[in-house]
Amino acid sequence: MSKYYLTTPIYYVNAAPHIGHTYTTIAADAIKRLKRMQGFEPVILATGTDEHGQKIERAAAAANKSPQKFTDLISNEFRQQWKALDLQIDRFQRTTDPKHAKVVQDLFDRCLKSGYVYKGSYTGQYCVFDELYVNEAKPGDPCPDCGRPTEIVTEENFYFKLSAFGDRLLKFYEDQPDFIQPDSRRNEVIAFVKQGLKDVSISRTTIKWGIPVANEAPHVFYVWFDALSTYMSAVEGEGLWPADLHLIGKEILRFHAVYWPAFLWAADLPLPKKLFAHGWLLFENDKMSKSKGNMVRATPIKEALGADALRYYLLREVVFGQDGNFSYDALVQRYNSDLANGLGNLSSRTLALIHQNFAGKIPAGPGDAAIAESAKVAADAALNAYERLEFSKALETIWGFIGVLDRFIVERAPWNLAKSGDTAKLADTLYTAAEALRIVTALVYPVIPESAAKIWAQLGFRTPLDAIRVADLAWGKLAEGQEIEPATGVFPRADTKLMIEKMKEGEAAELVRQQTLMGVGPASRPEATHISIDDFIKVDLRVGEVKSASAVKGADKLLHLQVDIGEPQPRSIVAGIALAYQPEALVGRKVVIVANLAPRKLRGLESQGMIVAASLEGGNPVLASFLEDVPIGARLK
Ligand code: MSP
């Protein structure tokens, strides 16, 4: 069987991984598993990190790190994230890898040789953040994408003659209608190309952090020429190019559908077979953005509900190709209704009944003919939907079949068959349920691999679910007598409120961790953790002597003290030390007080300062004191 090579975008390292990146990468992992099931061999999934350019140089500077150190750190963060989610990544390509630089240079040399690259100079309004010239912008105009001010930039560039490819591209989209998916996106690209294409610059002299163009210092490759080539460098020398699928978000379709084919044609290299642009994931119906602070990260969700819950939710709830919404509430609801109650219930019920009635061994088939037929129809429909990357439709079909099975079990009422001693019908019923569960488990495997593998093992299979192929989905492959394992719940029911709280707490902690990593946020601002001497001097700490002390009525933790700090009148201070000190034992004792704290009223008594004490977790406070004698009113510095 033939190879299948698919890719995700390579992610910019100026942001740590969030659920948007995770969405694409999870979908790619599901496709990989599906392709293997369809028999492609080998199936190779490549991802990586996009590490050059001004934005990243700036992010590194903000984090007080060299670009290399910073990109190492964040690139690794992406790698770890995919590992933690158990995604089957085969190649992780960084643009800072020397192997990649060679591929970029080679692509450039080929385009130069074929006459599609020339040197020119350009002056324009440039958005540093998006690394894009804003063609229509006048000086001072904001960037239409991000709203930040554009800057005037003049520089010598290498240009790629994109303008020469308009007609060829249009003909290609027509001849290969499958190249851009979904269809609606293809129409957008066609409309864009029909407006006419301008040449694009593929090098910069204003940026230092990039791959140098050989013998052309100070030119470095421009970010898209560099980035797109990653798809080739990830599998350089392996005979896997062209890619069978580039999976991307809709906002970068233009670069993939227009630039990339033109670059490859100019270089006389084969084109990828297909682009699929999925939609945007919104957070509670709002665009996710760092500035709005409404980003979501995958790790806390995985830790609370498991990676499969997130995978299932993203691929079931959002129509792949369209924008969709993420909400914690909907996530937990889906989990409970479809996974815990739906699949989880079917599996634990079926396995428990086999344990009870057939000593944990699969009873004799062949099973119910109508259910066998429904299984075939459901499997065909689900596989067809998967093939078109219509995940939500595929899952809806599978869950429709789970509903059929639930009704079948209720109608047959195996508990009654057991009572009435109708063993043949009981065996037929439970064989049907188990065989259908086997097929369902295989069908859901691309989307929820971890849980599917658990059910698979509980059904008594020793071979990995990874090895399953489409042909194995046919009815009747479950062998009579196969010993099943004890049924343990794969999807424990979640308490919605507690689960959401847990995920939100985890999210807050993960945000701080990522911010610290990126060198941004409160934890990494030096002024937040360190105070200057000027700040310290503002605190007026004085030695005082306790003149009198008495309990405060109705407050068993408080004492009311009169403390002499060398002023005409002693200070009235209310302190929370009553559990640790008897009032009379304090009289005459030297203490430290904060003398310039704004006065406040406690239990109707004015407190004109605060007594300094060590505060011990779970224990009583201990007053600060001196071993040597110190005069009243002395200042602590
Ligand atoms: N480095 C470029 C891509 C170069 S590919 C040769 C880039 N990087 S990125 O870090 O900004 O990642 C963009 C991709 O991340 C999107 O295309 C999409 O796959 C994913 N997503 C990031 N945020 C997203 C959402 N909020 N929703 C869905 N996917 C999003 O662009």
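The values are calculated or read from the model by the stated rules, or taken from the named source; none is laboratory data. Note that the structure is predicted; figures quoted are calculated from it, not measured. Neighbour counts run over all protein chains shown; Cβ positions are idealised from the backbone, glycine included.
Within region 473-488, the set of residues being within 22 Å of ASP368 (Cβ to Cβ) and surrounded by 13 or more Cβ atoms within 10 Å (Cβ to Cβ) comprises LEU473, TRP475, LYS477, LEU478, GLU480, GLN482, ILE484, ALA487. For LEU269, are the conditions met, namely being modelled with pLDDT of 95 or more and more than 13 Å from the ligand (Cβ to nearest atom)? The answer is yes for LEU269. Taken over region 586-605, the criterion of being of a type in the set (Val, Ile, Thr) and either farther than 8 Å from VAL546 by Cβ or out of contact with any Gly (no Cβ under 8 Å at 6 or more places or on another chain) (or both) is satisfied by VAL587, VAL592, ILE593, VAL594. Applying the selection to region 70-98, what residues are within 21 Å of LEU511 (Cα to Cα) and free of Cβ contacts under 8 Å to residues at least 40 places away in the same chain? Scanning region 70-98 gives ASP72, ASN76, ARG79, GLN80, LYS83. A single member of TYR122, TYR126 is assigned to a strand (DSSP E or B), surrounded by fewer than 21 Cβ atoms within 10 Å (Cβ to Cβ), touching a strand residue (DSSP E or B) at 6+ places or on another chain (Cβ under 9 Å) and not hydrophobic (A, V, I, L, M, F, W, C), and it is TYR122. Among the residues of region 292-319 satisfying the criterion of being outside any helix (DSSP H, G or I) and either of a type in the set (D, E, K, R) or more than 17 Å from the chain's Cα centre (by Cα) (or both), which is surrounded by the most Cβ atoms within 10 Å (Cβ to Cβ)? My answer is ARG297.
Within region 477-496, residues that are assigned to a helix (DSSP H, G or I) and modelled with pLDDT of 95 or more have Cβ atoms under 6 Å from residues that are surrounded by 15 or more Cβ atoms within 10 Å (Cβ to Cβ) and not aromatic (Phe, Trp, Tyr) in these pairs: THR496/VAL332, counting only partners at least 6 apart in sequence or on another chain. Within region 319-332, being under 20 Å from LYS497 (Cβ atoms), touching a helix residue (DSSP H, G or I) at 6+ places or on another chain (Cβ under 7 Å) and not aromatic (Phe, Trp, Tyr) holds for ASP329, ALA330, LEU331, VAL332.
Checked against the criterion of being among the acidic types (Asp, Glu) and closer than 30 Å to SER229 by Cα, region 259-276 contains one or more residues that satisfy it.
Quick grid of which residues meet (1) touching a helix residue (DSSP H, G or I) at 6+ places or on another chain (Cβ under 7 Å); (2) at pLDDT 95 or above; (3) more than 10 Å from the ligand (Cβ to nearest atom):
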{"position": "TRP260", "(1), (2), (3)": "yes, yes, no"}
{"position": "HIS278", "(1), (2), (3)": "yes, yes, no"}
{"position": "LEU282", "(1), (2), (3)": "no, no, no"}
{"position": "LYS290", "(1), (2), (3)": "no, no, yes"}
{"position": "ASN294", "(1), (2), (3)": "no, no, yes"}
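Please list, ordered by first then second residue, the pairs with beta carbon atoms under 8 Å, 6 or more apart or interchain, first in region 283-299 and among the β-branched types (Val, Ile, Thr), second part of a strand (DSSP E or B) and within 11 Å of the ligand (Cβ to nearest atom). What qualifies is VAL296/PHE283; VAL296/PHE326. Of all residues in region 584-605, those satisfying the criterion of being at negative phi and at pLDDT below 90 are LEU597, ALA598, PRO599, ARG600, LYS601, LEU602, LEU605.
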